[in-house]
Structure formats: structure tokens, C-alpha cells
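Below you'll find the structure, written out as C-alpha cells, and then a few comments.
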């Protein structure tokens with residue numbers, strides 16, 4: 001038996017820790033943000049040059065603190081008191097999933113009560129709205145998981161060569177069981193979504209000469225000719241950047257299929273189901289609350305060609321300014337999204353424990 005008494009052992013251990021204390025890391029600040037802003041890309045520096053999805057948030061919300069996040073695509077930015085932080089995920093579902101998981105598992109952050117605002121630009125269905133519009137998302141549908149046959153080889157009675165996962169033909173019923181569809185369709189919290197919509201629905205949005213000239217080409221879509229507005233609609237997330245009227249028809253059908261007719265496809269983007277998958281998993285781990293997530297996409301371009309152009313000409317920008325609403329869409333994301341951010345921060349004493357909600361109109 002070791003003759004050293006327990007009291008002697010404790011004294012020696014304490015002395016050793018005192019000796020080692022200069023070598024131990026200092027206590028790390030735990031940041032408990034009220035809101036996390038998620039952007040997907042930035043074209044250059046975070047400030048002071050041509051903007052991407054991140055820059056207006058950094059500059060206008062004074063996100064001056066830079067917090068390295070080596071396991072993610074980009075460092076985190078925070079305001080002075082840490083009440084608002086933001087990150088860039090990188091483009092595509094893979095980058096988005098990895099970056100959100102890196103942030104969510106980082107011990108420097110307590111995100112258990114944080115609200116998340118995913119805010120970025122998107123392709124827009126001209127059947128629903130004008131470019132420069134802002135769409136709060138009710139359903140985000142995965143556009144990559146599935147089977148595919150080249151369109152030149154599909155049966156004559158098929159509308160598309162895209163087939164839902166584990167099915168044998170397009171839009172085959174019945175749907176997969178609910179527990180198997182979790183990677184294909186994410187419903188955003190309806191009460192929070194409608195609260196955000198009611199708060200922002202009258203936000204003035206930018207339209208300029210370039211935007212008016214661009215949308216005027218879409219003469220076969222009456223809603224595309226209107227001024228930009230704030231709406232609620234569904235998002236198709238696909239890491240493949242697609243374009244054209246035939247794929248637009250597929251997107252509408254694909255979203256209707258996976259939402260069982262409850263969702264209306266409006267926007268197409270590349271990252272949102274990856275972000276929502278990560279936030280769902282982090283919720284299971286007690287690190288986040290997916291019920292506190294909002295998704296806002298703003299129309300920088302239409303997802304199909306106007307009359308008189310091919311899909312290839314439209315996609316390349318040939319004979320048309322494909323991204324004529326790029327800056328207005330960035331402005332819309334901040335103008336609409338910042339109203340929600342400021343409201344959540346201002347009334348944090350209430351919203352820390354009570355998720356704001358408005359019942360959907362019947």
C-alpha cells in the first residue's frame with residue numbers, strides 16, 4: 001500500500017498544478033449569440049470591395065471581430081458583444097454541411113438558444129415573382145438525392161430522367177416512409193416563418209433600370225414583370241447549378257412531390273438542405289435548435305430563359321444580363337433579414353425562451 005496519505009497527495013498535486021499553470025490555456029470565452037447569420041459565398045475580402053452574400057452583413061452589422069474556425073470554410077465574424085455572429089459556408093451542400101457542423105461543435109460557442117438566419121441569393125421561378133424579390137422558405141427540398149437516366153434514353157412516357165431515391169420511375173407513389181424522407185424535405189418552423197414574414201412583408205426593395213429591362217424580357221410571365229416583393233415559397237437545394245424551362249418544370253414537380261402538394265417551388269439554391277441537415281443533427285446532440293431556423297432567399301436571376309433565347313444563351317449571359325438583379329438581391333437579403341435580426345436581439349429577454357410565432361393565414 002502506498003504510505004503517502006491522501007492529504008499529502010492532494011498537496012503535492014496542487015503544487016504540481018501551480019507549477020504547470022503557466023502552460024495551461026487561459027479560460028476560453030464562451031460566446032452565446034442571439035442570432036447566427038449564414039451566408040454561402042463571398043467574392044473577395046469580407047469588406048471594402050465587390051460584395052458577395054457576406055459583405056453587407058459584416059459592414060452594416062459591425063461584425064468586426066474575426067474568430068478563426070479552421071475546420072470550416074471561413075472564419076466566423078462577430079459584433080462587439082457577440083450577440084450576432086456570421087459565417088460563410090462555401091458553395092454547395094458539402095461545404096455547407098461541413099462548415100455548420102464545425103461551428104456547431106466548436107466549444108467556444110453555446111448555440112443552444114441561438115436563432116439562425118440563412119440568407120443568400122437564388123434563382124427565381126418567373127411564374128411567381130420578379131427578380132429582386134425576397135422569399136421566406138417554408139420547405140427546403142433536396143435536389144441531388146435520387147436516380148437519373150440521361151434525357152436521351154428515358155422512356156417516351158416519362159416527363160424527366162430524374163427519379164426519386166428508391167423509386168423506379170418519376171414521381172412514383174407511395175412516397176417513402178416519413179423516416180426515410182428526412183434527407184429529402186425539411187419544413188421550416190411555420191410559426192416562426194410567418195412571424196418573420198409579417199414583420200418584413202412591407203419592406204421596400206430595390207428596382208433599377210437594369211432590373212426593369214431584364215424582367216421585361218419575360219413577357220410570358222405576368223408576375224415576373226411586377227415590382228419585387230416579399231413572399232413565402234419553397235426552395236430546391238441542388239449542388240448542380242441548373243437552368244432552363246425544362247428543368248424549371250422538373251423543379252416544380254419535384255418540390256410538389258416531396259411536399260405532398262403543400263409547397264410551391266419558387267427559389268433554387270445550392271446549400272440549404274446541407275445546412276438544415278447539419279442543424280438537425282446538431283439539434284439531436286443538444287447543440288442547436290432547428291426550430292429556431294429561418295431561410296431567406298432573394299432572386300438575383302430567373303431560373304429559365306426568356307422568349308427568344310435558348311437555355312444555354314440565357315445561362316451564359318449571352319444577349320442578356322443574366323445577373324442583372326445581383327446587387328438588388330444582396331440588398332434585399334440584408335434589408336429584409338436585418339429586420340428579423342434586430343427584432344430578435346432587441347426583445348431577447350422574451351425570445352430567449354419563447355420562439356416568436358404567428359399562425360399561418362387560412
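The values are calculated or read from the model by the stated rules, or taken from the named source; none is laboratory data. Only a predicted model underlies this, so the values are computations on that prediction, with no experimental measurement involved. In this analysis, Cβ positions are derived from the backbone assuming ideal geometry, glycine residues included, and neighbour counts consider all displayed protein chains.
Among the residues of region 279-325, how many are in a helix (DSSP H, G or I), surrounded by fewer than 21 Cβ atoms within 10 Å (Cβ to Cβ) and out of contact with any helix residue (DSSP H, G or I) (no Cβ under 8 Å at 6 or more places or on another chain)?
Selection size over region 279-325: 5.
Can you tell me which residue among 193, 175 is touching a residue at least 60 places away in the same chain (Cβ under 8 Å) and either part of a loop (DSSP other than H, G, I, E, B) or in contact with a helix residue (DSSP H, G or I) (Cβ under 9 Å, 6 or more places away or on another chain) (or both)?
None of the others qualify; the one that does is 175.
Could you list, in sequence order, the residues of region 210-219 that are over 13 Å from residue 324 (Cα atoms) and surrounded by fewer than 16 Cβ atoms within 10 Å (Cβ to Cβ)? If you could, list the steps in order and put the result at the bottom.
Taking region 210-219 first, the residues over 13 Å from residue 324 (Cα atoms) are 218-219.
Result: 219, single match.
Which count do you get for residues in region 127-139 that are buried (at least 24 other Cβ atoms within 10 Å of the Cβ) and in a loop (DSSP other than H, G, I, E, B)?
Selection size over region 127-139: 5.
The rows are residues; the columns are (1) more than 25 Å from residue 352 (Cβ to Cβ); (2) modelled with pLDDT under 95; (3) buried (at least 17 other Cβ atoms within 10 Å of the Cβ); (4) touching a helix residue (DSSP H, G or I) at 6+ places or on another chain (Cβ under 9 Å).
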{"site": "64", "(1), (2), (3), (4)": "no, no, no, yes"}
{"site": "73", "(1), (2), (3), (4)": "yes, no, yes, yes"}
{"site": "84", "(1), (2), (3), (4)": "no, no, yes, yes"}
{"site": "91", "(1), (2), (3), (4)": "yes, no, yes, no"}
{"site": "105", "(1), (2), (3), (4)": "no, no, no, yes"}
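In the list 166, 152, which residue meets the criterion of being part of a helix (DSSP H, G or I), surrounded by fewer than 24 Cβ atoms within 10 Å (Cβ to Cβ), free of Cβ contacts under 8 Å to residues at least 24 places away in the same chain and more than 17 Å from the chain's Cα centre (by Cα)?
Every option except 152 fails the conditions.
Which residues, counting only those in region 339-356, are surrounded by fewer than 18 Cβ atoms within 10 Å (Cβ to Cβ) and assigned to a loop (DSSP other than H, G, I, E, B)?
Answer for region 339-356, where residues must be surrounded by fewer than 18 Cβ atoms within 10 Å (Cβ to Cβ) and assigned to a loop (DSSP other than H, G, I, E, B): 347, 352, 353, 354, 355.
Would you tally the residues in region 179-190 being closer than 23 Å to residue 358 by Cβ and assigned to a loop (DSSP other than H, G, I, E, B)?
Within region 179-190, residues that are closer than 23 Å to residue 358 by Cβ and assigned to a loop (DSSP other than H, G, I, E, B) number 2.
For region 220-244, which residues satisfy the criterion of being loosely packed, with under 14 Cβ neighbours inside 10 Å and either touching a strand residue (DSSP E or B) at 6+ places or on another chain (Cβ under 7 Å) or at pLDDT 95 or above (or both)? Let's see the steps before the verdict.
Going residue by residue through region 220-244, those that are loosely packed, with under 14 Cβ neighbours inside 10 Å are 220, 222, 226, 240-241.
Residues satisfying the conditions are 220, 222, 226.
Mind checking which residues of region 31-46 are modelled with pLDDT of 95 or more and in a loop (DSSP other than H, G, I, E, B)?
Within region 31-46, 32, 33, 34, 40, 41, 42, 45, 46 qualify.
Check residue 263 against each of (1) surrounded by fewer than 22 Cβ atoms within 10 Å (Cβ to Cβ); (2) part of a loop (DSSP other than H, G, I, E, B); (3) in contact (Cβ under 8 Å) with a residue 24 or more places away in the chain and name the one condition it does not meet.
(1)
Condition first: assigned to a loop (DSSP other than H, G, I, E, B) and under 16 Å from the mean Cα position of the chain (by Cα). Now tell me which residues in region 107-120 satisfy that.
Answer for region 107-120, where residues must be assigned to a loop (DSSP other than H, G, I, E, B) and under 16 Å from the mean Cα position of the chain (by Cα): just 114.
Regarding residue 248, is this residue touching a residue at least 12 places away in the same chain (Cβ under 8 Å), under 22 Å from residue 310 (Cα atoms), in contact with a strand residue (DSSP E or B) (Cβ under 9 Å, 6 or more places away or on another chain) and surrounded by fewer than 20 Cβ atoms within 10 Å (Cβ to Cβ)?
No: the conditions fail for residue 248.
Where the second residue is outside any loop (DSSP other than H, G, I, E, B) and at pLDDT 95 or above and the first is under 16 Å from residue 238 (Cα atoms) and lies in region 94-110, which pairs have Cβ atoms under 6 Å and are six or more apart or on separate chains?
96/274; 96/275; 97/274; 97/277; 97/278
Return the residues of region 237-251 that are part of a loop (DSSP other than H, G, I, E, B) and in contact with a helix residue (DSSP H, G or I) (Cβ under 9 Å, 6 or more places away or on another chain); say none if nothing qualifies.
Result: 238, 239, 241, 242, 243, 244.
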